[in-house]
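All of the numbers you see were taken from the coordinates with simple rules; none came from a lab. Since this is a predicted model, take the numbers as computed values, not measurements. We place every Cβ from the backbone using ideal geometry, glycine too, and count neighbours over all the protein chains shown.
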């Protein structure tokens, strides 16, 4: 039996704070070959997950907030914001399930964000075609600009390097 409690969430969050990527995860599934992947993720301030989709693998993804708050944006193929969801533990929106062709990413809005993600296994490395070319790569110097835009982006807006549209 596996229990997700405050102690586990605090440990995962401490690992995220110590990580250069400002995030960490704890797998509930036993192996990368498992038919269902379930993981607990800690998202610290400053983490950046490049917008992505799971089209090549045909996988849905369920994202649930366990502690804190985060923002999820979904996009069309051109990088236009389709949906903006504010997820909060105990709030009005606590989970979003993305279809395989949905471009999406999340950003923590609180200092203690913990989420649970569930998707079909086995693990398959995502191809380049499932990573958004209209958003900066993880180590791109424009990431802070993208994150600042992300926090205020509205449905129908796009991020353009050097000149985001509002």
* Asked: Considering the chain as a Gaussian network with a 10 Å cut-off on Cα pairs, which listed residue, 101, 130, 92, attains the greatest mean-square fluctuation?
  -> 92
* To do: Return an integer: the convex hull volume of the alpha-carbon atoms of the range 6-152, in Å³ per residue.
  => 109
* Structure fact -> Rounded to the nearest Å, the spacing of the alpha-carbon centers of the range 1-74 and the range 83-157 is 11
* Rough spin-label spacing in nm, given labels placed 7 Å along Cα→Cβ, for residue 56 and residue 94 -> 3.5
* Length gained when the stretch residue 22-residue 110 is fully extended (0.36 nm per residue, less Cα-Cα span) -> 30.4 nm
* Asked: Which whole-number percent is the relative contact order of the range 1-40 (Cα, under 8 Å, 6+ apart)?
  -> 28
* Asked: Ranking 31, 98 by Cβ neighbours within 10 Å, fewest first, what do you get?
  -> 31, 98
* **In degrees, nearest ten, helix 143-152 long axis to first principal axis of the chain (Cα)** => 90
* Asked: What nm value, rounded to one decimal, do you get for the distance between residue 11 and residue 139 when each label is placed 7 Å out toward the C-beta?
  -> 3.1
* What is the helix-to-structure angle for 6-18, meaning the angle in degrees between its Cα long axis and the longest Cα principal axis of the chain, kept from 0 to 90 and rounded to the nearest 10? -> 50
* Of 107, 147, how do they rank once you tally other Cβ atoms within 10 Å and put the fewest first? -> 147, 107
* Structure fact -> Taking every C-alpha to C-alpha distance in the range 70-166 and binning by 10 Å from 0, the per-bin percentages run 13, 45, 35, 6
* For the range 6-152: relative contact order, % (alpha-carbon pairs under 8 angstrom, 6 or more apart) -> 30
